[in-house]
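What follows draws every value from the coordinates through simple rules; no lab data is involved. Computed from a predicted model, the values in this text were never measured in an experiment. FYI the Cβ positions are ideal-geometry reconstructions off the backbone, even for glycines, and counts take in every protein chain you see.
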Amino acid sequence: MPHILVDADACPVKDEIYRVAFRHDVPVTIVSNSPIRIPAHALVDRVVVSDGFDAADDWIAERAGADAVVITADILLADRCLKAGASVIGNNGKPFTHASIGGAIATRAIMADLRADGSAIGGPPPFSKADRSRFLQTLDEALVRMKRGRS
């Protein structure tokens, strides 16, 4: 059965995840380093991991597979989950794919090098209504695709 794993500490689309999951009757696991409020619903579960480096990422990656949709903005976690066979969607609604992950990792490395050199670089663009709308559509499409694959 499909399920959704959420890298939740900085996720701006948790309410949207719940809405789509309830419509599709798909369980959601919220994974974070500290307690996060979740709706009182049988489909929603919360896992609080230690505050160790990458503890939430490790928990998610260990459970990612072909039946999972992983929601994360973490490029390295996205890569691990793709390798495990999961579908991965960024918080902005853009899916991570085998074709796009290499470029995302390379860009991440370049940006890290620029920051280390002291270069003044901007951060990501602000989260927008268009991002929220794209996220809803992409998550819905991923769940429909997974359900069709089972039948």
- Message: Based only on Cα atoms, what mean projected area does the convex hull of segment 13-151 have, in nm²?
- Response: 9.4 nm²
- Taking 0.36 nm per intervening residue step and subtracting the Cα-Cα distance, what contour gain separates Asp25 from Ile110 on full extension? 26.6 nm
- Query: Is segment 76-151 rounded, prolate or oblate when judged by the Cα gyration tensor, a ≥ b ≥ c being the square roots of its eigenvalues, rounded requiring a/c under 1.5 and prolate requiring a/b larger than b/c?
  - Reply: oblate
- Here, Phe127 and Met1, labelled 7 Å along Cα→Cβ, have an inter-label distance in nm of 2.8 nm
- Task: Distance from a point 7 Å along Cα→Cβ of Asp15 to each backbone N in segment 115-151: keep the residues under 20 Å and list them by number.
- Result: 126-140
- For segment 30-88, just say rounded, prolate or oblate: build the C-alpha gyration tensor, square-root its eigenvalues into a ≥ b ≥ c, call rounded for a/c under 1.5, and beyond that prolate if a/b exceeds b/c, oblate if not. oblate
- Using the number of other C-beta atoms within 10 angstrom as an exposure proxy, rank Met146, Met1, Met111 with the fewest first. Met1, Met111, Met146
